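Here is the structure we will look at.
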Amino acid sequence: MSYFSDIYKGIKTLLTGMSVTGGYFIRARKGVITQQYPDNRETLKMFDRFRGEVVMPHNADNRHYCTGCQACEIACPNGSIEIIWDRVVVPETGKKKKEIDKHIYHLAMCTMCGLCIEACPTDAIVWAQNFENSVYDRSKLTKILNQPGSSVLDGIED
């Protein structure tokens, strides 16, 4: 008797699962879901939550939000971020201020955990949509995030 009840329960769960899948196909959004990469490189749009690589956005005046506080470097579990900085004297005030020399990002070591972005108090680093990171030389995966000659925006303090 338990043999037939097991068969009945199996068919019932199979039909329940198929009804969920069938309902999705009936009520699915219109349009193509599958992307035809690399044929559609020009029109390809990644999802907003996609974690490609860490970048530091700069405005048109080559200025950014990074103060060099090293919160991202400390939060990174495997050391894929390095900040090389120095203290310089501000001529107007005569006080020393931290200035970033290089903000280095080792993409080859990054696990895309996002702890560095969460730790940044000024939102100076963000996720980019770039996912084409394959190279023949591993040294090309080490990137300097701050552009040459860039500086911190006015009003941003560490």
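Could you pull the Cα extents of segment 74-158 along its three principal axes, largest to smallest, in whole Å?
Principal-axis extents of the Cα atoms in segment 74-158, largest first: 47, 26, 22 Å.
With both partners inside segment 54-152, how many of the DSSP beta bridges are antiparallel, as a percent to the nearest 5?
For segment 54-152, the DSSP antiparallel bridge percentage is about 90.
Restricting attention to the chain, give the cysteines that have no other cysteine Cβ less than 4.7 angstrom from their Cβ.
Cysteines lacking a close Cβ partner in the chain: Cys66, Cys69, Cys76, Cys110, Cys113, Cys120.
With a cut-off of at most 14 other beta carbons within 10 Å, and DSSP calling the residue loop, which chymotrypsin sites (Phe, Trp or Tyr not before Pro) in segment 58-158 qualify? Please list them.
Listed in order of number, the matching sites are Phe131, Tyr136.
Show me, for segment 16-21, the HN-Hα J-couplings you get by feeding each phi into the Karplus relation (A = 6.51, B = -1.76, C = 1.60, θ = phi - 60°), rounded to Hz, glycine and proline as x.
Listing the rounded values in order: 4, x, 5, 5, 5, 5 Hz.
Which one of Ile74, Thr13, Asn62 has its Cα pushed farthest toward the positive end of the charge dipole of the chain, where Lys and Arg give +1 and Asp and Glu give -1 at the Cβ?
Most positive-ward Cα: Thr13.
How much length, in nm to one decimal, is gained on full extension between Asp137 and Tyr8, taken as 0.36 nm per residue of separation minus their Cα-Cα distance? Please list the in-between numbers first.
Values: separation 129, 0.36 × 129 = 46.44 nm, distance 5.89 nm.
Full extension of this stretch gives 40.6 nm more.
Name the residue from Ile83, Trp127, Leu44 whose Cα lies farthest towards the positive end of the charge dipole of the chain, charges +1 on Cβ of Lys and Arg and -1 on Cβ of Asp and Glu.
Leu44
Report the FRET efficiency, 1/(1 + (r/R0)^6), for Tyr37 and Thr16, where r is their Cβ-Cβ distance and R0 is 30 Å, rounded to 0.05.
Values: r = 35 Å, r/R0 = 1.16.
After rounding to 0.05, the efficiency reads 0.30.
Within a 10 angstrom radius of the beta carbon, how do Ile125, Ile156 rank from fewest other beta carbons to most?
Ile156, Ile125
Just grab the label-to-label distance for Gln70 and Asp123, each label 7 Å out from Cα along the Cβ direction, in nm (one decimal).
So the label points at Gln70 and Asp123 sit 2.6 nm apart.
For Asn146, which sequence-distant residues (separation of 5 or more, or a different chain) have an amide H within less than 5 Å of its own amide H, given hydrogens modelled in the peptide plane?
His103
When all C-alpha to C-alpha distances in segment 19-92 are sorted into bins of 10 Å, what percent of pairs does each bin hold, rounded to whole numbers?
12, 23, 24, 18, 15, 6, 2, 0
Can you check how the C-alpha radius of gyration of the chain compares to 2.2 N^0.38 Å, as a plain ratio?
Numbers: Rg = 24.8 Å, N = 158, 2.2 N^0.38 = 15.1 Å.
Dividing the Cα radius of gyration by 2.2 N^0.38 Å gives 1.65.
The numbers here are math on the coordinates, done by the rules we state, and not lab data. Being a predicted model, the structure only gives us computed values, none of them experimental. A quick note on method: Cβ atoms are made from the backbone with ideal geometry, for glycine too, and the neighbour counts reach across all protein chains shown.
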